[in-house]
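> Structure below; questions to follow.
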Amino acid sequence: MSPDLLRVLEFDKVITLLSRYTASDPGRELVLTLAPLTEEAAVKLALAEAAEMVTYQSMGGTLPLAGNRDLLPLLGQLQAEGSWLAPLALLDLLVSLETAQECRRALAGRAELENLQVLAAGITPLRDLADELRGTIGPRGEILDRASADLAAIRRQMLQLRGRIRKTLEGLLLAEKYAGVFQDNLVTERNGRYVLPVRADHRSRIKGFVHDESASGQTLYVEPATVLDANNELQHLQREEKREEERILRRLSAAARHYRPALLENQRILTRLDLRAAIARYARLTDACAPQLVTTPLLELRSARHPLLLIDPAGAPCHMTVVAIDLLLGEASDTLVVSGPNTGGKTVALKTAGLLLTMIKAGLPIPCSAASRVHLFARLFADIGDEQSLEQSLSTFSGHLVRLREILAAADGDSLVLLDEVGTGTDPSEGGALALAILDTLRERGARVMVTTHLNLVKSYAQLHPGVSNAAVEFNHQTLAPAYRLHYGIPGASNAMTIARRLGLPEDVLVRAEAYLGADERAGLQVMEELNLLKQQAYAEREGVQRLRAEAERDRDKRKRLLRESEEQRQELLEKATRRADRLLRDTEARLKNILSQAEAGTHDARSRAELTSALHAVRDEVTQGRSVPLVLPSPPTEVKLGEILRIVDLKSEGEVTRILGDEVELDCGGKKLRLPLTRLAPCAPRRFARKGATRMKKTVEDRPIQTKLLLVGKRMEEALILLDRALDDALLNGLSEMEIVHGAGEGILRRAVREFLAGHQGIRGFHPAEAGHGGDNVTVVELKG
């Protein structure tokens, strides 16, 4: 694909924009050299890697690609044997190695990133080289003392020697006999030697060598003779240090030279990862994806948007609304003729088709629906824009003809041809005839063609020839603004007269122009405009219907989902209840057998009877609790009659209705009167009523007074537990919320038995010792369930 064609399609602007998202210089250079790939397998691999990088970034992953240094110039310096790199260059080498190791580690073992994992697996960690560099070069590019034992020893000697020299010179500065000799009380350096600033008029008072003087000549920088030998020794150590540093750098450079191929391969992989990361960031900003690649020669871009309308030149998302269009070519027809008014979006549609195909061939996701389908045409040709050339004495029409000649010479059955304003720039009749002949030729060769035109002859060609489709760009006649939508099946009107009238051309001029058209042609143009208007209205209505249908489908799916979840929950509850009931039944049978065995084999004194009674109560409460966990909560009675038996849900007992008080009823529960709201009651199934005379029989039963305090002091444990159980039943039946159990202190046996009994009782919310002023630990306060 020629550079001129890439420029016409604005592919260069896309890759310039893409380069803003790279993290390294090698990555940026690779992006700027992007071009369409020739092999379909390479395109698929590039798109797959980009899609995986989008997935990786969407999960919060970020590769440290800013450390991908350009090592090619550095490694080029090492081609000559014996050459060596500076410390800062070796630091760049270390940063690149660490970046390669981190990227390999980040992508290792990621099954969902199959292609990126394979790519990163090609990185050679070179841990030995990295460790050696890390132990030698500091973060600012300095050579560390630990680089070698000799270097450490030399620097230690230099440090000690510098200390001795400075101490000697500072002693001179403070000496009384040299008062007034020095310009400043400081030790400085000149030419790597320690010196003192001596006033020029006192030069003779201090013995030594002058190394420099100030600009005014008033200050001489003198090396006193007392430190001459020490300075010479320091100079010698500095030369030794430099030789040792050079030896270290040569050693490291030799290691880098040995690993040169692996280092270059690592950089290639990191650069490719940087490219994919930049593409992924662009794809996430533009909601781009990879369309389906097909072998059938077609271009089916649905909800396509021009990439340059989505991102501004600085790389930030644009906030304007971009209209998506459908570009359909090759499935039902091999040629698409797009027509309509100027500035209606015809050329934009043509460029969008060409640019998106070029991006796909370069391995870039494109802003379109994932349902789009694209064939990777081997050749793409375009004649878009003004090809006028003053240097070659070519007019606009001649420039188009030169491009058409080149297209006709190369187009074949695996070609996509884009022609903008075909047949214009000359007499409409001749230009139209030439355009039809070109279309015939391209279609005979099997090429897929998309053209824009104002010529009625070309529009009619699309209507009369099978395999050729018309499409009109939508245009707002009121605002004279394009809508950038394509309506397939009808030609577009140029709307020249309508636009001229809206823009205020004199009416008499327009009347004369319409007279020149003739009645038939005016009628034809009017019909075409009305067809376009009707098509726009039908399109708007279809969008409304589709929107309503989508909402209805979402509601239907939501109802189905809720019903399915409800049924799943019901089934789950049923299974849990069944399992619990089975388990409870088995446990109850075993415990009852154990109780019966004890009753038959044991004695029947009060203590044993109390223990058996407690055990039976526990079994009864557990069975009742298991039965009282319904799959559906019981509904309150809707109709109540006097004498009806109702279930008291909270107390797990029954009572007879004696009075009906609106939303409340009065119940007779074993001679005790309770007033409860209907919401706390449930009807029996089937409904039951008290037998006549039953109430009178209950009256004969001796009433027990309601006890809020139970005295158990002095009672034996067996008797006390029986009294406690009876008192708790009475309290719950009468709706008490609290009662006191007075058991005394003693040895604590009765207190412990009472509290153990309370801990296992189902009708108790909690219990605690009374306050100190009300008996303390001798009394237990019981909180009952309401």
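> Given labels modelled 7 Å from the Cα in the Cβ direction, how far is it in nm from Thr62 to Ala378?
It works out to 4.6 nm between the two label points.
> Assuming 0.36 nm per residue, please report the length gained on full extension of the stretch Ala577 to Glu783 beyond their Cα-Cα distance. Before the final figure, lay out each step's value.
Numbers: separation 206, 0.36 × 206 = 74.16 nm, distance 2.96 nm.
Here the segment from Ala577 to Glu783 would lengthen by 71.2 nm.
> So, one more: For the chain, report the accessible area per residue in Å² (1.4 Å probe, heavy atoms, rounded to an integer).
Per-residue value: 54 Å².
> A further question on this structure: Net charge around Leu78, counting only other residues with Cβ within less than 10 Å of its Cβ (Lys, Arg = +1; Asp, Glu = -1)? Don't skip to the answer; put the middle values down first.
On the way: positive: Arg257, Arg260; negative: Glu81.
Local net charge: +1.
> For the residue pair Ala314 and Gln569, what label-to-label distance in nm results when each label sits 7 Å from Cα along the Cα-to-beta-carbon direction?
Inter-label distance under the simple model: 5.0 nm.
> Further question on the same structure: Report, in debye and to the nearest 20, how large the dipole of the chain comes out about its Cα centre when Lys and Arg carry +1 and Asp and Glu carry -1 on their Cβ. Show your work: numbers first, answer last.
Values: 105 positive and 108 negative charges, 634 e Å.
Its charge dipole is roughly 3040 debye.
> Follow-up. Report in % the part of the accessible area of region 50-129 that belongs to carbon and sulfur, leaving out ligands and nucleic acids; probe 1.4 Å.
54
> Could you run the Karplus curve 6.51 cos²θ - 1.76 cosθ + 1.60 with θ = phi - 60° over region 78-84 and give me ³J(HN,Hα) per residue in whole Hz, x for Gly and Pro?
These are the phi-based 3J(HN,Hα) values: 8, 5, 7, 5, x, 6, 9 Hz.
> Taking K and R as +1 and D and E as -1, what net charge do the other residues with C-beta under 15 Å from the C-beta of Asp287 add up to? Could you put the intermediate results ahead of the total?
Working: positive: Arg281, Arg284, Arg302, Arg305; negative: none.
After counting each charged neighbour, the total is +4.
> So how do Asp128, Asp412, Asp184, Asp668 rank on accessible area, 1.4 Å probe, biggest first, that is with the largest at the start? All intermediate terms of the calculation are to be shown ahead of the outcome.
Details: Asp128 120, Asp412 50, Asp184 80, Asp668 5 Å².
Descending accessible area places them as Asp128, Asp184, Asp412, Asp668.
> From the protein chains alone at 1.4 Å, what is the descending order of accessible area for Lys715, Lys560, Lys242, Lys672, largest first?
Details: Lys715 80, Lys560 115, Lys242 140, Lys672 30 Å².
Largest accessible area first, the list is Lys242, Lys560, Lys715, Lys672.
> I've got another one for you. What is the local net charge at Arg251, summed over the other residues whose Cβ is closer than 12 Å to its Cβ (Lys, Arg +1; Asp, Glu -1)?
Working: positive: Arg247, Arg250, Arg257; negative: Glu132, Glu244, Glu245, Glu246.
Within the 12 Å Cβ shell, the charges total -1.
> Any chance you could run the full-extension gain for Glu98 through Gln762? It's 0.36 nm times the residue separation minus the Cα-Cα distance, nm to one decimal.
232.4 nm
> Within region 300-339, which residues have the backbone N less than 13 Å from the label spot 7 Å out from Arg542 along Cα→beta-carbon, could you tell me?
Counting backbone N atoms under 13 Å from the label point, the list is 326-328.
> Once you put a point 7 Å from the Cα of Thr38 and another 7 Å from the Cα of Arg675, both along the Cβ direction, what distance in nm separates them?
Reported label-point gap for Thr38 and Arg675 is 10.0 nm.
> Still on this structure, please answer the following. Would you mind getting me the FRET efficiency between Ile499 and Arg268? Use the beta-carbon distance for r and R0 = 56 Å, nearest 0.05. Intermediate results must be reported in sequence, preceding the final value.
On the way: r = 55 Å, r/R0 = 0.99.
Working from the Cβ atoms, E equals 0.50.
> Here's another thing I want to ask about it. How high is the relative contact order of the chain, in percent, counting Cα pairs under 8 Å that sit 6 or more residues apart?
Working: 1164 pairs, mean separation 70.2, N = 786.
Dividing the mean separation by the residue count of the chain yields 9 percent.
> Can you give the helix-only mean residue ellipticity at 222 nm for the chain, where every DSSP H stretch with n ≥ 4 adds -39500 (n - 2.57) and the sum goes over all residues, rounded to the nearest 500 deg cm²/dmol? Before the final figure, lay out each step's value.
Details: 22 runs with 384 residues, N = 786.
Rounded to the nearest 500, the figure is -16500 deg cm²/dmol.
> Of the DSSP beta bridges with both residues in the chain, give the percent that are antiparallel, rounding to the nearest 5.
Working: 58 of 83 bridges.
Counting only bridges with both partners in the chain, antiparallel ones make up about 70 percent.
> Test of understanding: what is the full-extension gain from Ala108 to Ala153, defined as 0.36 nm times their sequence separation minus their Cα-Cα distance?
Values: separation 45, 0.36 × 45 = 16.20 nm, distance 4.32 nm.
Between Ala108 and Ala153, full extension yields an extra 11.9 nm.
> Taking amide H atoms as placed 1.01 Å from N in the peptide plane, list the residues 5 or more away in sequence, or in a different chain, whose amide H sits under 5 Å from that of Phe182.
Sorted by chain and number, the residues that satisfy this are Arg199.
> Each residue of region 58-73 in order: what ³J(HN,Hα) in whole Hz does its phi give by Karplus 6.51 cos²θ - 1.76 cosθ + 1.60, θ = phi - 60°, with x for Gly and Pro?
Going residue by residue, I get 5, 8, x, x, 9, 8, x, 7, 5, x, 7, 7, 7, 8, 4, x Hz, with x marking Gly and Pro.
> Could I ask something else about it? Which far-off residues, 5 or more places away or on another chain, put their amide H under 5 Å from the one on Arg110, with H placed in the peptide plane?
none
> Another question, if that's okay. Which shape class applies to the chain: rounded if a/c is under 1.5, otherwise prolate when a/b exceeds b/c and oblate if not, where a ≥ b ≥ c are the square roots of the Cα gyration tensor eigenvalues? Present the calculation step by step, with values, prior to reporting the outcome.
Working: a/c = 3.18, a/b = 1.29, b/c = 2.47.
The shape class here is oblate.
> Ordered by residue, what ³J(HN,Hα) values in Hz, to whole numbers, does region 446-454 give under the Karplus form 6.51 cos²θ - 1.76 cosθ + 1.60, where θ = phi - 60° and Gly and Pro are x?
Whole-Hz 3J(HN,Hα) from phi for region 446-454: x, 6, 9, 10, 10, 10, 10, 7, 10.
> Order the following by accessible area, largest value first: His306, His319. Probe radius 1.4 Å; ligands, DNA and RNA are ignored. Intermediate results must be reported in sequence, preceding the final value.
On the way: His306 15, His319 180 Å².
So, going from the largest accessible area down, we get His319, His306.
> Mind checking which aspartates and glutamates have their C-alpha under 15 Å from Lys207, skipping anything on the same chain fewer than 8 residues away?
By straight Cα distance, Lys207 reaches Glu223, Asp229.
> Checking the table Lys13/Lys361; Lys44/Lys558; Lys44/Lys560; Lys576/Lys672; Lys177/Lys242 against a 28 Å threshold on Cα-Cα, which pairs fail?
Values: Lys13/Lys361 16 Å; Lys44/Lys558 37 Å; Lys44/Lys560 38 Å; Lys576/Lys672 37 Å; Lys177/Lys242 39 Å.
Lys44/Lys558; Lys44/Lys560; Lys576/Lys672; Lys177/Lys242, as the Cα separations exceed 28 Å there.
The values are calculated or read from the model by the stated rules, or taken from the named source; none is laboratory data. What you see is a predicted model; the values in this text were computed from it and never measured. Note that each Cβ is placed from the backbone with ideal geometry, even for glycine, and that neighbours are counted across all protein chains shown. SASA here: full protein model, heavy atoms, side chains in, ligands and nucleic acids out. Shrake-Rupley method; radii C 1.70, N 1.55, O 1.52, S 1.80 Å.
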